[in-house]
Amino acid sequence: MTATTALPATATAPGPKGVPVLGSLGSWRRNTAEFLLGLQRDHGEVVRMRLGPMTVHQVTSPEAVRRVLVENNGNYVRGPLYEQFGVVMGKGLLTTDGEFWRGHRRAVQPVFLKNAVTDIIPNIVRATTEMLDEWEGKAARGEPVDLMTEMLRLTLVTLSRSLFAYDIKPSSRVLKLIVDDVVEVMFRRGTASEMLPSWLPTDRQRKIARIHRVFDRIVADVRAGYARTGQGPLISLMEQAEDPTTGRPWTDRQIRDELLTIYLAGHETTAVSLFWTLLAIAEHPHVQEEVDGEIGRVLGGTLPDAQSADGLAYTKTVVDESLRMHPPIWIFPRAAVAPDTLDGYGIEAGSSILLSPLVSHHNPRHWDNPMAFDPQRFTPEAVKERPRMAYFPFGAGPRQCVGNFMALLELRTIVAMINQRFRISRIPGDSLQYGSPVISLRPLRDVLVHVHSRDVKATPSTKGSAPLTCPVRH
Ligand code: HEM
């Protein structure tokens, strides 16, 4: 492993040879995650490869990741690999750079600050209670639960009510179809249909049209609701935002694209993480025991509030470890504007950079036995021992996930509430296929689980807690 060895700046990073014209595109398409993990194992922590016409560097050493995301972040823009996201999301926080991005980030940031997100706890509690009440019937009938779909529905309802005051009623089937389409069309696999002009009626274009139909309806409903009630902290910020360059209110297009971005970036990621965390707890009896102990001590039969959610310290380490093993955003790209040097290797202007939380989080240089699930890696002492950028499930620097506090709060609160009332068990013989993940690290097939009621009915806490107020004044 040569990543940290000082080399002349002109050195070319090592990497796979690939084949003429396509480079390593074949391996990338066959199983992207497997291929990228293999690059770190076989070539090191800054690896150069060709994917068709593109030169791409996979960067996984903490030092080089810090340089790209933090120290020299101005040199690394979204680039061509992010363009695919624009097909669905248009121009929003995820897909833009420069002044446009800065103005949007500034406008939406207030609702996502650490102190502000606790306001969503009542919505998390309500949506989770509704789901768990439904689970009682399923548990009694021995009916299996499709865990990923349930988590998608829960996080979508929570996000929609919390940020947009919109009570979305997703039919599980439609939701699943649409989210499946979104992840498929946004992930560039280098297939022929991605190269065809957008006016050709391909299957891909039909899916894009269907996504737009569904989401344009949601956007219209959210805005109509706001016009009627003036409620919804994030839609309120968007409706009142001004474009810093023109001084005019955001256009309909700006509001639509940003609203879509938040809906899409905010619910699937959190659902994927809930999925893996719940399964990890179910499959590690000692972790289950510790989680149960903490729920008993901290919640003691009451529903979480701002104070008790903050006290779920062990559950938080379980979530952190789950985000290490299964980071929902497992790769994301950048493009170098000017030449740079990463760990001594030259990076040409225009070349693409691939950052992979999945690969970095399995780097044996920083993680002993990386395939083992061990929440002890996230005690405050253990965290101090590691370079900060060995772990970045939410990215880092100015482009760090705007929803990270919201996601972490949702994750520990929902995980605690589910375990307070239910046990989850996998159905014997039902295999979990990882396969080649697309945008987010989802299982390839539906995973059905049994839920077993613990006969606990949690009630609101009678302890005094901070009043829950909206940070945005209407
Ligand atoms: C476990 C849950 C989540 C994970 C793992 C996650 C992960 C990430 C990552 C890795 C990035 C950085 C991408 C890059 O630098 O290219 C990002 C950006 C972003 N995330 Fe999240 N995210 C999560 C939840 C959320 C939530 C709940 C929201 C909003 C409600 C959200 C909204 C966004 C937005 C808008 C960006 C773009 C930020 C910018 O560039 O200014 N995410 N997320």
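Some notes on this structure:
- A cut-off under 11 angstrom between Cβ atoms defines the neighbours of Leu69, and their net charge, with Lys, Arg +1 and Asp, Glu -1, is +4.
- On Cα atoms only, tilt of 285-294 relative to the major axis of the chain in degrees: 50 degrees
- Mean-position separation - Cα centroids, the range 383-417 and the range 329-356, in angstrom: 23 Å
- Packing-based ranking, highest mean first, of 244-257, 70-83 given that Cβ atoms within 10 Å are counted: 70-83, 244-257
- C-alpha long axis of helix 121-141 to longest principal axis of the chain, angle in °: 80 degrees
- In the range 205-334, the ratio of gyration radius to Kirkwood radius, Rg to Rh, stands at 1.10 when only Cα atoms are counted.
- When peptides 389-401, 157-169, 365-377 are ranked by their average number of other Cβ atoms within 10 Å per residue, the highest-first order is 157-169, 389-401, 365-377.
- Environment charge of Ile281, counting only residues whose C-beta is closer than 11 Å and scoring Lys/Arg +1, Asp/Glu -1: -4
- The local environment of Gln40, defined by Cβ-Cβ distances under 12 Å, has a net charge of -1 under the rule Lys, Arg +1 and Asp, Glu -1.
- C-alpha long axis of helix 172-186 to longest principal axis of the chain, angle in °: 20 degrees
- Helix-only arithmetic for the chain: the sum of -39500 (n - 2.57) across DSSP H runs with n ≥ 4, divided by the residue total, places the mean residue ellipticity at 222 nm at -15000 deg cm²/dmol.
- Footprinting exposure proxy for Arg423, Arg153 (fewest neighbouring C-beta atoms within 10 Å first): Arg423, Arg153
- In the range 25-460, Cα pairs under 8 Å separated by at least six residues give a relative contact order of 27 percent.
- Percent antiparallel among DSSP beta bridges (both partners in the range 25-460, rounded to 5): 80 percent
- Convex hull per residue volume in Å³, alpha carbons only, for the range 1-122: 186 Å³
- Per-peptide average of other Cβ atoms within 10 Å, ordering 294-301, 410-417, 34-41 highest first: 410-417, 34-41, 294-301
- C-alpha center-to-center spacing [the range 91-136, the range 21-67] in angstrom: 32 Å
- Computed FRET value (nearest 0.05) for Arg206 with Lys384, which takes r as the C-beta separation and R₀ as 56 Å: 0.60
- Computed from the alpha carbon positions, the gyration tensor of the range 25-460 leads to an equivalent ellipsoid with semi-axes of 33, 28, 22 Å, biggest first.
Just so you know, all these numbers are worked out from the coordinates, no wet-lab data involved. None of the values given here were measured: they were computed from a predicted structure. FYI the Cβ positions are ideal-geometry reconstructions off the backbone, even for glycines, and counts take in every protein chain you see.
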